[in-house]
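Have a look at the structure below, then the notes.
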Amino acid sequence: MPKLGEFGRIERFFAPLAADLPGAYGLTDDAATVQVPHGYELVVTTDALVERVHFLSTDQPEDLAAKLLAVNLSDLAAKGADPLCYSLVLSLPAHAGDYWVGRFAHGLGESQRNWGIKLLGGDSVSTDGPITLAATVMGLVPTGRMVRRAGAQVGDGLYVSGTIGDAALALAQFERTGEVHPYLRSRYRRPTPRVELAGWVRDHAHAAIDISDGLAADCSHLARASNVRCEIDAALVPLSEPAAALLASEPALRDRVLGGGDDYELLIAAAQAPPGTTRVGRVIAGEGAEILDSAGVPITLARTGWTHG
Ligand SMILES: Nc1ncnc2c1ncn2[C@@H]1O[C@H](COP(=O)(O)OP(=O)(O)O)[C@@H](O)[C@H]1O
Ligand SMILES: Cc1ncc(C[n+]2csc(CCOP(=O)(O)OP(=O)(O)O)c2C)c(N)n1
Ligand SMILES: [Mg+2]
Ligand SMILES: [Mg+2]
Ligand SMILES: [Mg+2]
């Protein structure tokens, strides 16, 4: 089959993902339009995934598509926004050819159906660098109702969704042996954004943040923004069964769990428990964030979270 080229790929693989979204104009114009219903505003977030920084060269295009949308949808959920549409930037080396792009687009289509979003537009460039994927995901909140990192109140509980540390433990296993527990691997390759919590967050949370850099680091971000002190009890941090088993056999991996990142879970400060979450700590007067061991002593982590540069 002859190569599709830039415009052939857009027409073949991406235009179908934009069908039914009138403002996308079938991906045939210079820009797109987004209609915002009266009384609502757009919440906009952008995150990129770069080969060998965010994912492994052996990861499959369908998984990368799901992960690209998931990391962005996780930020939207933390802000209490319901997903609407997204734009996409692909920077691809020659080895990620038509077959790769077709599989990536197929993965996007599945995620779109799952989360009820459509493709609005984007950009495609070729590169001799690593695969670089970026999405800007847009969602809706009633005007003025986006939940901020700021807003946590003294007396609030701190809650996390899902389990913490699975992806970071998978990466630790990849680095060492290449033998990775299938559940942990799936949490690294396909994080689940907690989209279903957005409505609760919007109506009840005082503050929230998406946990991407690491629980310890993202908790510090929330504490700083809210001008409060956050304390987390390490023993309360929810672990999956495989993560707990791995940690029991290798206690030193605790730091990876608490500071490794790639969780794409939510950390929520609220007066009551969000459904399906675990209470991990509390908001008190003061500043900074600490994770306490079972004796109540702050844990010093080699790294509280991931930073770029
Ligand atoms: N290159 C950039 N240009 C403009 N704003 C940026 C850039 N990189 C990050 N930001 C902004 O900095 C803040 C923190 O970014 P980040 O840590 O990536 O957030 P998150 O963990 O929610 O994805 C956000 O408000 C984001 O929009
Ligand atoms: C191959 C590989 N190495 C390391 C990591 C770990 N890692 C890379 S970036 C990152 C933090 C999250 O990414 P970032 O771009 O900071 O997302 P944001 O905080 O903007 O949502 C983590 C934990 C990884 N996911 N994959
Ligand atoms: Mg970001
Ligand atoms: Mg993010
Ligand atoms: Mg980050």
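Report, ordered by the first and then the second residue, all pairs with beta carbons closer than 6 Å, sequence separation of six or more or different chains, a first member in the range 255-268 that is in a loop (DSSP other than H, G, I, E, B), and a second member that is among the acidic types (Asp, Glu) and open to solvent by 20 Å² or more (accessible area, probe 1.4 Å).
Gly261/Asp213
Please enumerate the residues belonging to the range 232-249 that are within 18 Å of Arg185 (Cα to Cα) and part of a loop (DSSP other than H, G, I, E, B).
Pro238, Leu239, Ser240 - these are the residues of the range 232-249 that are within 18 Å of Arg185 (Cα to Cα) and part of a loop (DSSP other than H, G, I, E, B).
From the set of residues in the range 66-107 that are open to solvent by 10 Å² or more (accessible area, probe 1.4 Å) and within 16 Å of ligand 5 (Cβ to nearest atom), which is farthest from Ile131 (Cα to Cα)?
Among residues in the range 66-107 that are open to solvent by 10 Å² or more (accessible area, probe 1.4 Å) and within 16 Å of ligand 5 (Cβ to nearest atom), the one farthest from Ile131 (Cα to Cα) is Lys79.
Which condition number in (1) open to solvent by less than 50 Å² (accessible area, probe 1.4 Å); (2) outside any helix (DSSP H, G or I); (3) not acidic (Asp, Glu) is the one that Thr192 fails?
Only one criterion is unmet by Thr192, namely (1).
So how many residues does the range 1-25 have that are under 21 Å from Arg113 (Cα atoms) and surrounded by fewer than 13 Cβ atoms within 10 Å (Cβ to Cβ)?
The number of residues fulfilling the criteria is 3.
From the list Asp218, Asp210, exactly one residue is outside the structural domain of Leu42 (by TED's automatic domain parsing), part of a strand (DSSP E or B) and either within 12 Å of ligand 2 (Cβ to nearest atom) or crowded, with 21+ Cβ neighbours inside 10 Å (or both). Which is it? Even if it seems obvious, please write down each step before you answer.
On the way: Asp218 fails: part of a strand (DSSP E or B).
Just one listed residue meets the conditions, Asp210.
Just checking, does the range 281-302 include any residue being within 16 Å of ligand 1 (Cβ to nearest atom) and either of a type outside the set (Lys, Arg) or not assigned by TED's automatic domain parsing to the domain that holds Pro193 (or both)?
Yes, there is a match, as at least one residue in the range 281-302 is within 16 Å of ligand 1 (Cβ to nearest atom) and either of a type outside the set (Lys, Arg) or not assigned by TED's automatic domain parsing to the domain that holds Pro193 (or both).
Within the range 45-62, how many residues are closer than 22 Å to Cys85 by Cβ and either touching a helix residue (DSSP H, G or I) at 6+ places or on another chain (Cβ under 6 Å) or away from ligand 2 (no atom under 14 Å from the Cβ) (or both)?
Result for the range 45-62: 5.
The values are calculated or read from the model by the stated rules, or taken from the named source; none is laboratory data. Predicted, not measured: the structure shown is a model, and the values here were computed from it. We place every Cβ from the backbone using ideal geometry, glycine too, and count neighbours over all the protein chains shown. These accessible areas exclude ligands, DNA and RNA; they are computed on the full protein's heavy atoms, side chains included. Shrake-Rupley method; radii C 1.70, N 1.55, O 1.52, S 1.80 Å.
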